[in-house]
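The values are calculated or read from the model by the stated rules, or taken from the named source; none is laboratory data. Owing to the predicted nature of the structure, the values given are computational and were not obtained by experimental measurement. Please note: Cβ atoms are built from the backbone with ideal geometry, for glycine as well, and neighbour counts cover all protein chains shown.
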Amino acid sequence: MINKRKTIQIITLIIFAALILLGKIQLWMAVFLGGLLLSTVKGRLYCGYVCPINTVMEVIDKDAAKRKRNRLKTPKWAKGNIARIGVLVLFFITFIFVRKTGKNLPVLPALFAIGILLTVFFEPSFWHRYLCPYGTLFSLFSKNNKLGYSIAEEGCIKCGICVKNCPADAIKLEEKNTVPYILKSECLVCGKCKEVCPSKVISYDNAKYKEVA
């Protein structure tokens with residue numbers, strides 16, 4: 001049975017594809033901006049429910065897990081703010097160029113293709129957390145949101161399964177045998193941690209998070 005999140009993902013992916021075929025992909029920016037505003041209150045719901053790149057990435061992730069296909073880890077040069085900010089700056093420069101010149105560059109389709117291609121060879125967090133310019137914007141806008149996934153200390157068996165299954169590397173474990181915590185500005189709100197938690201101690205609520213250092 002297809003759950004609510006999957007239904008929304010399929011519908012929004014169809015809309016995204018239709019806009020590309022109709023040559024109206026610029027209209028998707030309205031959806032993105034709406035998601036950006038919503039992220040200030042409810043976190044990165046756009047990433048987990050709406051983003052067409054993530055929707056297809058999840059299919060690739062599932063296939064890789066089924067085939068037990070190991071993918072490359074995120075390169076060390078990408079881990080940090082320099083790469084994220086650099087990609088975001090390049091994104092804005094391209095956006096300004098398009099606005100100034102009137103040239104219809106396929107920015108969104110290009111990012112879609114890059115995200116999918118990278119996920120075939122690399123772990124999903126390489127794109128989600130470190131390279132996606134949209135993800136970086138959502139990370140900034142969702143720092144002070146009130147709702148999100150949190151892990152209850154009481155009942156947690158400290159197995160680390162949620163940490164291993166988070167596609168955005170947003171769940172951290174400071175030391176062994178301690179309760180993991182969620183980085184709210186990086187959480188995709190996809191609910192995968194809740195799905196795999198054997199103790200059922202992860203919930204979407206008034207979450208208490210630790211911020212990224």
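Within segment 185-199, if we keep just the residues that are touching a residue at least 40 places away in the same chain (Cβ under 8 Å) and of a type in the set (D, E, K, R), the residue that is surrounded by the fewest Cβ atoms within 10 Å (Cβ to Cβ) turns out to be Lys194.
Pull up segment 170-184, narrow it to residues that are of a type in the set (A, V, I, L, M) and under 19 Å from the mean Cα position of the chain (by Cα), then point me to the one that is surrounded by the fewest Cβ atoms within 10 Å (Cβ to Cβ). Across segment 170-184, the extreme among qualifying residues is Leu183. Is there a residue in segment 59-72 that is modelled with pLDDT of 90 or more, more than 26 Å from Pro198 (Cα to Cα) and more than 17 Å from the chain's Cα centre (by Cα)? The answer is yes, given that some residue of segment 59-72 is modelled with pLDDT of 90 or more, more than 26 Å from Pro198 (Cα to Cα) and more than 17 Å from the chain's Cα centre (by Cα). Looking only at residues of segment 142-163 that are crowded, with 19+ Cβ neighbours inside 10 Å and not small (Gly, Ala, Ser), we find that the one that is farthest from Ile25 (Cα to Cα) is Ile151.
I'm checking my understanding of the structure. Among residues of segment 14-48 that are over 22 Å from Asn145 (Cα atoms) and outside any helix (DSSP H, G or I), which one is farthest from the chain's Cα centre (by Cα)?
Taking segment 14-48 as the starting set, the residues that turn out to be over 22 Å from Asn145 (Cα atoms) are 14-28.
Okay, now just the ones that are also outside any helix (DSSP H, G or I), so 23-24.
Details: Gly23: 26, Lys24: 24 Å.
Across segment 14-48, the extreme among qualifying residues is Gly23.
When restricted to residues that are part of a loop (DSSP other than H, G, I, E, B), touching a helix residue (DSSP H, G or I) at 6+ places or on another chain (Cβ under 9 Å) and not polar (S, T, N, Q), segment 54-73 contains 3.
One residue stands out in segment 96-122 among those that are out of contact with any helix residue (DSSP H, G or I) (no Cβ under 9 Å at 6 or more places or on another chain) and either surrounded by 15 or more Cβ atoms within 10 Å (Cβ to Cβ) or touching a residue at least 12 places away in the same chain (Cβ under 8 Å) (or both): the one that is nearest to Leu188 (Cα to Cα), namely Phe122.
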